[in-house]
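S.K.: This is the structure I have questions about; it appears just below.
The values are calculated or read from the model by the stated rules, or taken from the named source; none is laboratory data. These numbers come from a predicted model, not from an experiment. Neighbour counts run over all protein chains shown; Cβ positions are idealised from the backbone, glycine included.
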Amino acid sequence: MNYLAHAYLSFNDPEILVGNLISDFVKGKKKFDYPPVIRQGIMLHRFIDTYTDEHPATKEAKEIFRPHYRLYSGAFVDVVYDHFLARDENEFTEPSLFDFSQQVYSMLENYQPWFPEHFAMMFPYMKKQNWLYHYRTMQGTEKSMGGVVRRAAYLTESDTASFLFEKYYQPLQQCYRQFWQDAKPFIRNQFEIIRNTGNNK
């Protein structure tokens, strides 16, 4: 899953949120440079990624992108999942998604000294362009697919991904629904385990 889902699955815990969103920019033992709860957020992010990759619905969704994008198919599915989460009426209305996005940016701003360099460079653009909110739109989602290409070593275009997203919109939405039904309660439980373990140390 991408930034919106990782933010949502931080369950309004500010330090977990920070760790969850910076995790991709924290390599190896660098996680030990962070305070305990931010480190728990990094751990939660990695658990979410593993769970997402191994879920049968995600594997099915990846097959839509795999012939063209191979190892990067999962990255496009992550963006697609954020789109469907943003439009999931059980989770957000359009105004509540906007309010949630502003709350996330506000919480993150309090922890800017802990941002890794690349996330610190990216954050102003995330906030100004409101990436979390714009996953709701086709244009915003397809722009995020372009971001996958910019960060990838071997990709040159996202137009095919956008075409596949639109062509297979309904099957991808069904994959999201199957995944999210399992993922939300399971990850919530893992969140509680991580937080309780940390509090007992």
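S.K.: Restricting the stretch 1-54 to residues that are among the β-branched types (V, I, T), assigned to a helix (DSSP H, G or I) and over 10 Å from the mean Cα position of the chain (by Cα), which is nearest to L85 (Cα to Cα)?
M.R.: My answer is T52.
S.K.: Let me ask something additional. Report yes if some residue within the stretch 125-136 is farther than 21 Å from S23 by Cβ, without any contact (Cβ under 8 Å) to a residue 12 or more places away in the chain and either exposed (fewer than 14 other Cβ atoms within 10 Å of the Cβ) or of a type in the set (K, R) (or both); otherwise report no. It would help to see each step written out before you state the result.
M.R.: Let us first name the residues in the stretch 125-136 that are farther than 21 Å from S23 by Cβ, namely 128-130, 133-134, 136.
Still in the list and also without any contact (Cβ under 8 Å) to a residue 12 or more places away in the chain: 128-129, 134.
Remaining after also requiring either exposed (fewer than 14 other Cβ atoms within 10 Å of the Cβ) or of a type in the set (K, R) (or both): 128-129.
Yes, because at least one residue in the stretch 125-136 is farther than 21 Å from S23 by Cβ, without any contact (Cβ under 8 Å) to a residue 12 or more places away in the chain and either exposed (fewer than 14 other Cβ atoms within 10 Å of the Cβ) or of a type in the set (K, R) (or both).
S.K.: Let me ask something else. How many of the residues in the stretch 34-72 are among the polar types (S, T, N, Q) and without any contact (Cβ under 8 Å) to a residue 60 or more places away in the chain?
M.R.: Of the stretch 34-72, the ones among the polar types (S, T, N, Q) are 40, 50, 52, 58.
When the remaining residues are screened for being without any contact (Cβ under 8 Å) to a residue 60 or more places away in the chain, the result is 50.
The total comes to 1.
Per-residue answers, yes or no, for (1) touching an Asp or Glu at 6+ places or on another chain (Cβ under 8 Å); (2) under 21 Å from A57 (Cα atoms); (3) surrounded by fewer than 13 Cβ atoms within 10 Å (Cβ to Cβ):
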{"position": "S96", "(1), (2), (3)": "no, no, yes"}
{"position": "F100", "(1), (2), (3)": "no, no, no"}
{"position": "Y111", "(1), (2), (3)": "yes, no, no"}
{"position": "E117", "(1), (2), (3)": "no, no, yes"}
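S.K.: Could you go through the stretch 155-172 and let me know if any residue there is at pLDDT below 95 and surrounded by 14 or more Cβ atoms within 10 Å (Cβ to Cβ).
M.R.: Among the residues of the stretch 155-172, at least one is at pLDDT below 95 and surrounded by 14 or more Cβ atoms within 10 Å (Cβ to Cβ), which makes the answer yes.
S.K.: Among the residues that make up the stretch 176-199, is at least one of them over 17 Å from the mean Cα position of the chain (by Cα), of a type in the set (G, A, S) and over 26 Å from E60 (Cβ atoms)?
M.R.: Within the stretch 176-199, one or more residues are over 17 Å from the mean Cα position of the chain (by Cα), of a type in the set (G, A, S) and over 26 Å from E60 (Cβ atoms).
S.K.: For a quick check of your reading: which helices (runs of 4 or more DSSP H) sit entirely within the stretch 138-201 and have at least 1 residues that are among the hydroxyl-bearing types (S, T, Y) and within 30 Å of F11 (Cβ to Cβ)?
M.R.: Per the criteria, 138-151, 169-199.
S.K.: So which residues in the stretch 173-201 are exposed (fewer than 12 other Cβ atoms within 10 Å of the Cβ) and touching a Pro at 6+ places or on another chain (Cβ under 9 Å), if there are any at all?
M.R.: K201
S.K.: Given the conditions (1) small (G, A, S); (2) under 26 Å from A61 (Cα atoms); (3) out of contact with any Ser or Thr (no Cβ under 9 Å at 6 or more places or on another chain), which single one is not true for A5?
M.R.: Of the numbered conditions (1) small (G, A, S); (2) under 26 Å from A61 (Cα atoms); (3) out of contact with any Ser or Thr (no Cβ under 9 Å at 6 or more places or on another chain), the odd one out for A5 is (3).
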